[in-house]
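> Would you mind keeping the following structure in view while I ask a few things?
The values are calculated or read from the model by the stated rules, or taken from the named source; none is laboratory data. Model, not experiment: these values are computed from the prediction. Cβ atoms come from the backbone with ideal geometry, glycine included; neighbour counts cover every protein chain shown. Note: areas computed on protein heavy atoms with side chains; ligands, DNA, RNA excluded. Shrake-Rupley method; radii C 1.70, N 1.55, O 1.52, S 1.80 Å.
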Amino acid sequence: MKKQKTKILKILIIFILFFLIEAPSYAVQEEILEEQSRTLNINQFTTKADEYTKETFEGMNTKELLNNAIKGEIDNKTIISKILNLFGNEIRQTLHILRGNCNNYCST
């Protein structure tokens, strides 16, 4: 009988400890990301990336994109649509130039 009580007590203690221990909160994860960002100088990287891509990828925040990628929250649809839109613009511009050159060549 005494063995059963001690066994039940041990199990109770384990369950209580299990429920008292909390998983890292979102705030702790944000602090870790900020610390890593400072250590690796990611802010300067994202600032430069924004500088170089602001004309090509309008409205895309590289810092937010990088943070989401680190967290595993990648929005592939948005990235792919921006890339396809970029290629679409380039193809339209090329066709416009070709059409202009063809009109000039055919009219002479």
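> Counting only residues that are open to solvent by 100 Å² or more (accessible area, probe 1.4 Å) and modelled with pLDDT of 75 or more, how many does the stretch 10-38 have?
Looking only at the stretch 10-38, we keep the residues that are open to solvent by 100 Å² or more (accessible area, probe 1.4 Å), and these are 10, 14-15, 18-22, 26, 31, 38.
Among the residues that remain, those that are also modelled with pLDDT of 75 or more are: 10, 14, 31, 38.
Residues that pass the stated criteria total 4.
> Can you find even one residue in the stretch 89-102 that is in a helix (DSSP H, G or I), among the polar types (S, T, N, Q) and at pLDDT below 75? It would help to see each step written out before you state the result.
The first filter runs over the stretch 89-102 and keeps only residues in a helix (DSSP H, G or I), leaving 89-102.
When the remaining residues are screened for being among the polar types (S, T, N, Q), the result is 89, 93-94, 101.
Restricting the remaining residues to those that are at pLDDT below 75 gives 101.
Scanning the stretch 89-102, I find at least one residue that is in a helix (DSSP H, G or I), among the polar types (S, T, N, Q) and at pLDDT below 75, so the answer is yes.
> Only one of THR6, THR46 is at pLDDT 80 or above and touching a Ser or Thr at 6+ places or on another chain (Cβ under 8 Å); which?
THR46
> Continuing with the same structure: Condition first: in a loop (DSSP other than H, G, I, E, B) and in contact (Cβ under 8 Å) with a residue 12 or more places away in the chain. Now tell me which residues in the stretch 52-88 satisfy that. Show your work before the answer.
Let us first name the residues in the stretch 52-88 that are in a loop (DSSP other than H, G, I, E, B), namely 54-61, 72-75.
Selection gives THR56, PHE57, MET60.
> Something else now. For the stretch 58-89, what are the residues that are open to solvent by 80 Å² or more (accessible area, probe 1.4 Å) and over 19 Å from THR46 (Cβ atoms)?
Scanning the stretch 58-89 gives ASN76, LYS77, ILE80, LEU84, ASN85, PHE87.
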